[in-house]
1. Exactly one of (1) out of contact with any strand residue (DSSP E or B) (no Cβ under 6 Å at 6 or more places or on another chain); (2) exposed (fewer than 13 other Cβ atoms within 10 Å of the Cβ); (3) touching a residue at least 12 places away in the same chain (Cβ under 8 Å) is unmet by residue 87. Its number?
2. Surrounded by 13 or more Cβ atoms within 10 Å (Cβ to Cβ) and either in contact (Cβ under 8 Å) with a residue 60 or more places away in the chain or within 11 Å of the chain's Cα centre (by Cα) (or both) - does that describe any residue in region 1-9?
3. Please indicate, with yes or no, whether at least one residue in region 58-66 is over 11 Å from the mean Cα position of the chain (by Cα) and touching a residue at least 40 places away in the same chain (Cβ under 8 Å).
4. Kindly list the number of the only condition in (1) surrounded by 13 or more Cβ atoms within 10 Å (Cβ to Cβ); (2) at pLDDT 90 or above; (3) touching a helix residue (DSSP H, G or I) at 6+ places or on another chain (Cβ under 6 Å) that fails for residue 44.
5. Identify all residues within region 27-41 that are farther than 15 Å from residue 8 by Cβ and surrounded by 12 or more Cβ atoms within 10 Å (Cβ to Cβ); write none if there are none.
6. Return the residue satisfying two criteria in turn: it lies in region 10-41 and is in contact with a helix residue (DSSP H, G or I) (Cβ under 6 Å, 6 or more places away or on another chain) and assigned to a helix (DSSP H, G or I), and of such residues it is farthest from residue 86 (Cα to Cα).
7. Considering region 54-74 alone, what residues qualify as being assigned to a helix (DSSP H, G or I) and either buried (at least 17 other Cβ atoms within 10 Å of the Cβ) or modelled with pLDDT under 90 (or both)?
8. Quick one: would you say residue 51 is outside any loop (DSSP other than H, G, I, E, B) and either in contact with a helix residue (DSSP H, G or I) (Cβ under 6 Å, 6 or more places away or on another chain) or at negative phi (or both)?
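The values are calculated or read from the model by the stated rules, or taken from the named source; none is laboratory data. Quantities reported herein were computed from a predicted structural model and do not represent experimental measurements. We place every Cβ from the backbone using ideal geometry, glycine too, and count neighbours over all the protein chains shown.
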């Protein structure tokens with residue numbers, strides 16, 4: 001049986017900014033720039049589909065822009081990488 005590594009969950013918000021473009025902002029679980037870079041390269045890149053991409057990573061705002069035609073599939077993959085997507089108010 002495959003088990004996931006025991007690591008803390010990260011809270012993120014996924015806000016639409018244009019067609020197929022979403023701003024993913026880390027709300028908790030990323031405490032410094034090194035953790036941010038690791039989350040982008042290790043976790044987010046693992047969630048990308050063949051037509052998805054990450055653009056504009058910005059540590060100062062703790063956010064990246066995700067380009068994806070399938071938001072629902074991307075959100076499902078975030079859960080596997082131990083990221084909780086907060087609902088928009």
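1. Checking residue 87 against (1) out of contact with any strand residue (DSSP E or B) (no Cβ under 6 Å at 6 or more places or on another chain); (2) exposed (fewer than 13 other Cβ atoms within 10 Å of the Cβ); (3) touching a residue at least 12 places away in the same chain (Cβ under 8 Å), the one that fails is (3).
2. No.
3. no
4. Result: residue 44 fails condition (3) only.
5. Of everything in region 27-41, those that are farther than 15 Å from residue 8 by Cβ and surrounded by 12 or more Cβ atoms within 10 Å (Cβ to Cβ) turn out to be 37, 40, 41.
6. In the first step, residues of region 10-41 are kept if they are in contact with a helix residue (DSSP H, G or I) (Cβ under 6 Å, 6 or more places away or on another chain); the result is 30, 33, 36.
Imposing the further condition that a residue be assigned to a helix (DSSP H, G or I) reduces the set to 33, 36.
Numbers: 33: 22, 36: 18 Å.
Going through the qualifying residues, I end up with 33.
7. Going residue by residue through region 54-74, those that are assigned to a helix (DSSP H, G or I) are 59-61, 71-74.
Correct list: 74 only.
8. When the stated conditions are applied, residue 51 does not pass them.
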